[in-house]
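The structure appears right after this line, and notes come after that.
The values are calculated or read from the model by the stated rules, or taken from the named source; none is laboratory data. These numbers were taken from a predicted model, which means no experiment stands behind them. Neighbour counts run over all protein chains shown; Cβ positions are idealised from the backbone, glycine included. Side chains are part of the model used for accessible areas, which takes the heavy atoms of the whole protein and leaves out ligands, DNA and RNA. Shrake-Rupley method; radii C 1.70, N 1.55, O 1.52, S 1.80 Å.
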Amino acid sequence: MLYTLARPLLFSLDAEAAHELTLSALQRAYDLGIARWVAKRISPLPVRVMGLNFQHPVGLAAGLDKTGAHIDALGSFGFGFIEAGTVTPRPQPGNPKPRMFRLPRSHALINRLGFNNEGADHFIDRVRQQRAFRDRGGIVGLNIGKNADTPIEHALEDYRMCLRRVYDDADYVAVNISSPNTTELRSLQSVRQLAALLTGLSDERKSLQDRYGKRVPIAVKIAPDLADASVPEIADRLVEHGMDAVIATNTTTARDKVRGQKHADESGGLSGRPLTERATRIVYLLARHLQGALPIIGVGGIMSGADAVDRIRAGASLVQIYTGFIYSGPQLVADCVEAIRDEECAVSSPPGPTRPRA
Ligand SMILES: Cc1cc2nc3c(=O)[nH]c(=O)nc-3n(C[C@H](O)[C@H](O)[C@H](O)COP(=O)(O)O)c2cc1C
């Protein structure tokens, strides 16, 4: 309700300015204890994925809380998990503004932020200050990337550095190799480069596991623009190198569904409604090939409870939202959980729920 009232004002501002205003207002409401009144109470729908117990399967996708400073405030909207980041080893400003655009007719966004963030040291300090969401059982994923000025041949060093920095404070780590806004980043998804990256990451994890006495799950986030044929190949590499989940998908560079609309020709990644079909298809291709070997976190164009159910039916164990949250507000979290709950009730007599239960 509150969000419905605020939305016209927010949508009259530049998209990135509105985003920053919303985050700081949320943070303020949270700090003053007001967020409690609007926070959604969602009854649990437990699910165990990557060895972690999620209170329910609906999370916030990476990119909304890039600095890790708003985990508790955003957590008060009822998310089962929050993925903060993408963080890079060193601070960087991202691309020149304007770099975020709304396409309201399609309930979509285009962004080319380019991993604007304050660097891993600052990020982890902020994450450590945020305890309330986790103390209530919320799961926190930390999403890592590479600096724009690190040559792609040295990408592994950036990912290793970030992994070391975030390891002890993450419930899971997400490895982002699929943002379209960092030059050549997506080439890391090619079979040869992926194998080298994953070998390095699992070596690094082994030594971190010895050092901290715990194995933190790693999920790899892939693009929707991969050719269908390369999806099973990527899935095989992830299993082979002991990864714990695949996150599908990031934003798309395709524009076929928004052609002719204002801002459609801006470069960057398109998210929201135009992504629904392709992101669902990638989840379906992964699930068909993996046959349960690796859990799938479904993200991209989940704009309603029905979309969340479709993504679970396609094979996801968890779902994440971003653009839907911008267009519909916190109600979408509850809608998704309730739609998944209804679906599970409907199929709960034999053969039983397909999601692994906590
Ligand atoms: C403004 C914006 C910034 C984003 N930043 C990141 C990021 O830093 N790291 C990342 O892995 N994904 C990032 N994403 C991608 C989202 O996490 C998500 O994968 C994508 O938007 C598709 O989901 P949606 O259609 O629900 O938005 C970003 C998306 C948007 C719209």
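Tabulated results
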| read-out | value |
| --- | --- |
| Per residue accessible area of the range 2-345, 1.4 Å probe, in Å² | 40 |
| Projected-area mean, the range 242-337, by convex hull of Cα positions, square nanometres | 6.6 |
| Cβ crowding within 10 Å averaged over residues, with 182-190, 245-253, 12-20 ranked highest first | 245-253, 182-190, 12-20 |
| Distance between the range 246-290 and the range 72-142 - C-alpha centres, whole angstrom | 20 |
| Surface share of carbon and sulfur [accessible, 1.4 angstrom probe, percent] for the chain | 53 |
| Two-decimal log10 I(q)/I(0) for the range 2-345, as the Debye equation yields it once each C-alpha is a single scatterer, q = 0.06, 0.08, 0.10 Å⁻¹ | -0.18, -0.33, -0.53 |
| Under 22 Å from LYS262, Cα to Cα: lysines that are on another chain or at least 8 residues apart | LYS97 |
| Descending semi-axes in whole angstrom, ellipsoid equivalent of the range 6-82, from the Cα gyration tensor | 25, 15, 11 |
| Extent along principal axes [Cα atoms of the range 182-310; Å; largest to smallest] | 53, 34, 28 |
| Relative compactness, the range 24-157, computed as alpha-carbon Rg over 2.2 N^0.38 Å | 1.15 |
| Rel. contact order, % - alpha carbon contacts under 8 angstrom, at least six apart, the range 1-105 | 26 |
| Quotient of Cα Rg and 2.2 N^0.38 Å for the range 144-201, N being how many residues it contains | 1.06 |
| Karplus (6.51, -1.76, 1.60) ³J(HN,Hα), θ = phi - 60°, over the range 285-296, in Hz, Gly and Pro reported as x | 4, 4, 5, 5, 7, 6, 6, x, 5, 8, x, 10 |
| Hull shadow area, averaged, the range 199-247 [alpha-carbon convex hull, nm²] | 3.5 |
| Mean residue ellipticity (222 nm) of the chain, computed from DSSP H runs ≥ 4 via -39,500 (n - 2.57), nearest 500 | -12000 deg cm²/dmol |
| Within the chain, percent of DSSP bridges classed antiparallel, to nearest 5 | 30 |
| Anchor LYS214: lysines whose Cα lies under 20 Å away (excluding residues fewer than 8 positions away in-chain) | LYS206 |
| Most to least packed among 22-28, 137-143 [average Cβ atoms within 10 Å] | 137-143, 22-28 |
